[in-house]
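What follows draws every value from the coordinates through simple rules; no lab data is involved. Small disclaimer: the values here were computed from a predicted structure and weren't measured. Neighbour counts run over all protein chains shown; Cβ positions are idealised from the backbone, glycine included.
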Amino acid sequence: MKRNPQDITLSSRRITRRALVMGGAQLGFGGLLLARMRHLQVDQADEFLLLAEENRIKVRLLAPARGLILDRNGVTLAGNEQIYRVSMIREDADDVDRVVTALRGLVRLDEDMLQRALREMDRRPHQAVTLADRLSWEELSAVAINMPSLPGITPEVGLSRVYPMGQDYAHVVGYVGRVSEKDIAEAETPDPLLQTPQFQIGKIGAEKVLEGALRGRAGSRRVEQNAAGRIMRELGRTEGQAGQDVQLTIDAGLQNFTQARLGTESASAVVMDTRNGDILAAVSSPSYDPNLFVSGISVPDYAALRDNDHRPLHNKIVQGLYPPGSTFKMVTLLAALEAGVIGSGETVYCPGHTTVSSRRFHCWKRGGHGQVDLAKSLRESCDVYYYELAQRAGIDRIAATARKLGLGQAHDIEMTSISEGLVPDRDWKQTRRGEAWMVGDSLNASIGQGFVLASPLQLAVMTARIASGLDISPRLVRSVDGVARPSGVNGPLEISRSLLEAARDGMYQVVNARGGTAGRSKFDLAGLKWAGKTGTSQVRNITAAERARGVFRNEDLPWERRDHALFVGYAPWDDPRYAVSVVVEHGGGGSRAAAPVARDIMLYALHGGIPPVEAYPTGQRGEIEEMLSSLRLDPRLNARPSGTSEA
């Protein structure tokens, strides 16, 4: 059938429009495709190049050198040593078991460390995990030579912490250890360094408290890997920033001597400079070698420390809390003098006991001391005198004075787990125990028994404040990165100098006067005297039946039931420079067990080295020379005493 020309024209127009629409759509799509290709190939070229590079280029963190810890004279207490180790990235290893087997044929692998590493790789397959450390150069070379057959393995040269002074500083400096999951979880802003293989952080002591200064900042290196994950070459390196060096106030020689002098006793000693608060020695005995903890202590080694009844892991310097015994009597005395309830010339009669509400409180001297004045009360350590002062002054005044002297507070020094001790008062007992304060509580507190507890550090601070008349705080860090820390002097003590002089006179007589409880621990040096106070604190109750038949001597009791022995002192008496506190757990009497140790430590501090035997009373010199010669001293710090020398 013949079509109408008009229909043919209309149909032709429709086809032309459809062709134009289709062509335009195709042209638009092509344009969009070209624009997208340009965006990907030109505008985003750098980004895709980087992604491609990341398939063969890895960036790894470089752990910085940890800052050194030095003593006041520059002796290294915590340093770094170069070690060789081997690490693995699980993702880059074809077959972990095969690689480990091959590696075992080249180097020694500790089985415990290997199992920990394998578990860690399961959790972090993309990160390097150390399989073996502290390898020899020969072992590291063997691994490097066999790298083509060890995919995922990287031999490395690194740094590890080392403590050249061994046990002397375990409780002061502390130690580092491997980063744990707990460490990462506790970090407020996790440092990428914590993910670095075998990275070490401070666990206790100054190492932990000063972690921010000691750690430093990470560096990085860019390495090229092939398809098998083997490192082909290093493309670039940015060195990290080493940690800051820390200088402590401790004197390494005095610390070593003090550690040796305490020997195997369960004891502690602190020496402070009364002029600025510097801690010159702080020893907790027995100690342990912190190097054992750096790479992870073995189960048998840790069990031996944990199960030792002398508690070597316990930092007795700041964690050990003891009834201060008669070393607390200066506190009671000063409280009573400040309150004006007794005069320096007034006497109290001591028949050997005091009775309060039908309860008898005994003096250590069963027959009593007779008439006792201020000086005699300290010289012969009469308990009854202080029972009387406690009733006149009251516990709240005694507690306030104790706090002025530094007791009952956690001093701010760079150690961990610092205890506050306990200075009780009426409010404390009512709040903590729900009971009213009793007069008997005051009597017990007046002689440093009952609820009163103090650490060796607090006793040293108390002694330094009495000796100097200054509100002095302990200082352990002398400088960080060469910047000096502030002195520990906070101003004058809020106790009258005349009252302090009365207490100091009594402490002088304790050591230097006839009848003084520490008379055997005096110096034999013209013009050089010292002052102090003995203390003996009970760890058990003495029953009336035991008193009736005669109290057991300490040496007849099991070790753990014996009294603690304490001594605090300062020297020189007329121009104080050093204060010392010594606590010997279950040592018996302070005059016998603690005072002689404190004397030897003080003489070392005064002489700047092992004291000459001429500094001791003539009748003791043979015994002293034998004792000094038997000490296990570090020859790098202390030469053996050789006979006699000039004082």
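Given their separation in residues at 0.36 nm each and the Cα-Cα distance between them, Glu111 and Ser141 gain 8.6 nm when the chain is fully extended. Along the axis of the charge dipole computed for the chain (Cβ charges of +1 for Lys and Arg, -1 for Asp and Glu, origin at the Cα centre), the listed residues Leu637, Val384, Val86 are led at the positive end by Val86. Under 14 Å from the 7 Å Cα→Cβ point of Gln82, by amide nitrogen: which residues of the stretch 150-164? Residues 156-160 qualify, since their backbone N sits under 14 Å from the label point. Ile57 to Met22: FRET efficiency via 1/(1 + (r/R0)^6), r the Cβ-Cβ distance, R0 41 Å, to the nearest 0.05? Calculated value: 0.30. A Cβ-based charge dipole, computed about the Cα centre of the stretch 390-513 with Lys and Arg at +1 and Asp and Glu at -1, lands at about 120 debye. Dipole of the stretch 60-178 computed with +1 at Lys/Arg Cβ and -1 at Asp/Glu Cβ about the Cα centre; of Gln127, His171, Gly152, farthest Cα towards the positive end is His171.
To the nearest 20 Debye, how big is the dipole of the stretch 76-211 about its Cα centre, given +1 on the beta carbon of each Lys and Arg and -1 on that of each Asp and Glu? If you can, show how the numbers build up before the last one.
Working: 15 positive and 23 negative charges, 31 e Å.
For this selection, approximately 160 debye.
The charge dipole of the chain, taken about the Cα centre with unit charges on the Cβ atoms of Lys, Arg (+1) and Asp, Glu (-1), comes to about 1700 debye, rounded to the nearest 20. In this calculation the C-beta distance from Thr618 to Glu346 is compared with R0 = 35 Å, giving a FRET efficiency of 0.35.
Projecting the Cα positions of Ser468, Met627, Gln255 onto the charge dipole of the stretch 252-630 (unit charges on Cβ atoms of Lys, Arg, Asp and Glu, taken about the Cα centre) puts Ser468 furthest along the positive direction. Each of Asp412 and Trp559 was given a label point 7 Å from its Cα along the Cα-to-Cβ line. The distance between the two points is 3.9 nm. Convex hull volume of the Cα atoms of the chain, normalised per residue: 283 Å³.
Take the Cβ-Cβ distance between Ser180 and Glu435 as r, set R0 to 60 Å, and report the resulting FRET efficiency rounded to the nearest 0.05.
Values: r = 43 Å, r/R0 = 0.72.
Result of the calculation: an efficiency of 0.90.
For the stretch 252-630, the share of alpha carbon pairs falling in successive 20 Å distance bins from zero is 29, 59, 12, 0 percent.
Please go through the stretch 67-114 and write out the trypsin sites (Lys or Arg not before Pro) that DSSP classes as loop and that have at most 13 other C-beta atoms within 10 Å.
Values: sites: Arg72, Arg85, Arg90, Arg98, Arg104, Arg108; in loops: Arg72, Arg108.
In loop regions of the stretch 67-114 (DSSP not H, G, I, E or B), the sparsely surrounded trypsin sites (Lys or Arg not before Pro) are Arg108.
May I ask for the net charge around Val107, where only other residues with Cβ less than 11 Å from the Cβ of Val107 are counted and Lys, Arg are +1 while Asp, Glu are -1? Please report the intermediate quantities before stating the final value.
Details: positive: Arg85, Arg104, Arg108, Arg134; negative: Asp110, Asp133, Glu138, Glu139.
Summing Lys/Arg as +1 and Asp/Glu as -1 gives 0.
If the segment from Ala400 to Arg360 were pulled out straight at 0.36 nm per residue, it would be longer than the present Cα-Cα gap by 11.7 nm. From its DSSP helices (H runs of at least four residues, each -39,500 (n - 2.57)), the chain gives a residue-normalised ellipticity at 222 nm of -10500 deg cm²/dmol.
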